[in-house]
1. In whole angstrom, how long is each semi-axis of the equivalent ellipsoid of the range 96-157, when you take the square root of 5 times every eigenvalue of its Cα gyration tensor and sort them from largest down?
2. With viscosity set to 0.890 mPa s and temperature to 25 °C, compute the Stokes-Einstein D of the range 351-446, Rh being the Kirkwood radius across alpha carbon pairs; µm²/s, no decimals.
3. Given H placed on each backbone N at 1.01 Å, which residues far from VAL337 in sequence or on other chains put an amide H within less than 5 Å of it?
4. Given N residues in the range 182-277, what is Rg(Cα) / (2.2 N^0.38 Å)?
5. Hey, if we sort ARG118, ARG83 by accessible area with the 1.4 Å probe, largest down, what's the order?
6. For the range 136-208, which whole-number percentage of the solvent-accessible area (1.4 Å probe, protein heavy atoms only) is attributable to carbon and sulfur atoms?
7. From the phi angles alone, apply the Karplus equation (6.51, -1.76, 1.60; θ = phi - 60°) to the range 413-424 and give each ³J(HN,Hα) in whole Hz, x where the residue is Gly or Pro.
8. Heavy-atom accessible area per residue, the range 165-235, 1.4 Å probe: how many Å²?
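The values are calculated or read from the model by the stated rules, or taken from the named source; none is laboratory data. Computed from a predicted structure; not experimentally measured. Note that we place each Cβ from the backbone using ideal geometry, even for glycine, and neighbour counts take in every protein chain shown. Heavy atoms of the whole protein, side chains included, go into the accessibility calculation; ligands, DNA and RNA do not. Shrake-Rupley method; radii C 1.70, N 1.55, O 1.52, S 1.80 Å.
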Amino acid sequence: MTMILRAAFLVAVSQADSCTEGTCSSIPEIRGSQLIQTVSLAGKMREGHKLRKDIHESRQAWDPELLDRHCLQAWMNETNTPRSEVCSDAVTNSVKDDKGNYIQFTRWEDRLMYSVWRSALESCAAGQPLVRDIIASFAQRQTCFINETTLDDQPTFYIPSKILVDGKTVINGTDKVLCTGDSKTANETQLQEQLHQLKRLVDKYDLETPGTPQITHVCQEMLEAHTLEKYSFIGILHSTRPAACNVKSEFLDANLCSDAEVFLTTFQQRDLFVTDADSGGFKGRAAEGENNRSEMCMEDETLKGEEWFDHKVTLVGSTTELCSIDTSAQPVFTEPVLKVGVYHEYQSDNDVADAYRQCGAPFVAGISATMPQYMAAVAAGSNKKGKNILDALDMQEILVLMSMLELGGFHAMTGLTMAVNYFYKDMVVIPPFDSGSFFEESENGIRCHDTITNCCTNATKANGFYNHRVYREMMESWSAIIDTQFPPSTDNLEPGKETSTTTTTTNTVERPRNTSEEPKSNAHAVAPISLLAMMLITLTQ
């Protein structure tokens, strides 16, 4: 019975975690069918527990060097390491924050997404409809309420619920991922008030004159609306469907509606979203108390007695507050916002988290289920009627959505990239790993794109770094795409410049790059322990 209760708890944990992503109601609950099927799995879980425990103990757990180090600021004081060294953008900087991320990489992501955000702001202020149409897509969404308080409930709104048991993915009931509802949007009347508030923001933009300070202010508010409590963005997202599904509107497009929701639901069925029945990890996230070191350091050096949900800041992205990038030239947030992924989620000690950690990719909240929701909303927006789904979402829109989520502290770029590739069924950029081809899952749950060092299972280091070659190549690929979509100024560009600088004229954002010589790769240093773990997992399947 202990195992049964534990399994039921894991279902609740996975649902609670998914609330952050916009895939469940604010107050998670275990449906009866889920609990029944969870009970039926208890025997299998018990049988496989010992072998999984042996495998877990035979591989490299966490990052031993980070585990042996005191929290970042305490370590800096002990070793007299200056802030300039810790926060350096040099490719030789191997200092990690207390979430386990290389600081130079989180700063790289923040600077790159900030440059996209600046370009989007300037485009919007010049009268271009890019940002305006993105927000209008959310403002025109179709209600899920079939009366004042009852949400629509259709079979297509559900996906299989997956739990990893004895190294195998097992179906465990279903999860509702569309029209889930939210306590912030309790009924139809409240929803319509929230939608009208977003519409008023769009209307306000339409009335302003391009090139004025007033329109710039409105553009900034549109870009930060999804983080501001007054717009109830998550409540709207949980209680509506894409605008193309709006049966009472002139922009109804049943095919586009269906294609957008199929993309959303099939992506969330990928094995990367499985809940690990042994550890409780979900999408690489740690269960409560699992990553005790990171939690302790966050409490001691950042929150300092404050509850995580009360800790609101105007700093951008995922970089530790000590090293946050400078956005004083054009602040992103006009008021403090809650960065849930940064202050509430931590790396687990499971296969997905290992792939993040050992490939050097910054981890914020694991694989993003928010990004596909935003993408589906814009692809099936109010201005997309008659378009094929693959033509309904362009790369500028994708980049703006990525910048909104990355700067808002929701997710890091690896977790955002997965949804982009899956949408196009193409490798727009190559991430360190994913869960297999676009049409079938990998037999082992994770497909590693590092064919030289196999970073996903290789726990060795060289010069203080895990094998991060593929991650760096992914970032350079995104940089090249951004250069094409939002061309930077050709004046005064300095290769290898460590900070992002901007001016107030259109298309003058310098693209941040890390172009200094990279430390030598440990290409063939595959850890015997990792290979043993892989063999044991294979034998159990």
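1. They are 36, 24, 8 Å, listed largest first.
2. Details: Rh = 14.1 Å.
Once the numbers are plugged in, D ends up at 174 µm²/s.
3. Under 5 Å from the amide H of VAL337 lie the amide H atoms of VAL313, THR314, each far enough along the sequence or on another chain.
4. On the way: Rg = 16.9 Å, N = 96, 2.2 N^0.38 = 12.5 Å.
Taking the Cα Rg and dividing by 2.2 N^0.38 Å, one obtains 1.35.
5. Heavy-atom accessible area, descending, gives ARG83, ARG118.
6. 51 percent
7. Those phi angles translate into 6, 4, x, 7, 4, 3, 5, 5, 4, 5, 4, 8 Hz.
8. Here the residues of the range 165-235 average 43 Å² of exposed surface.
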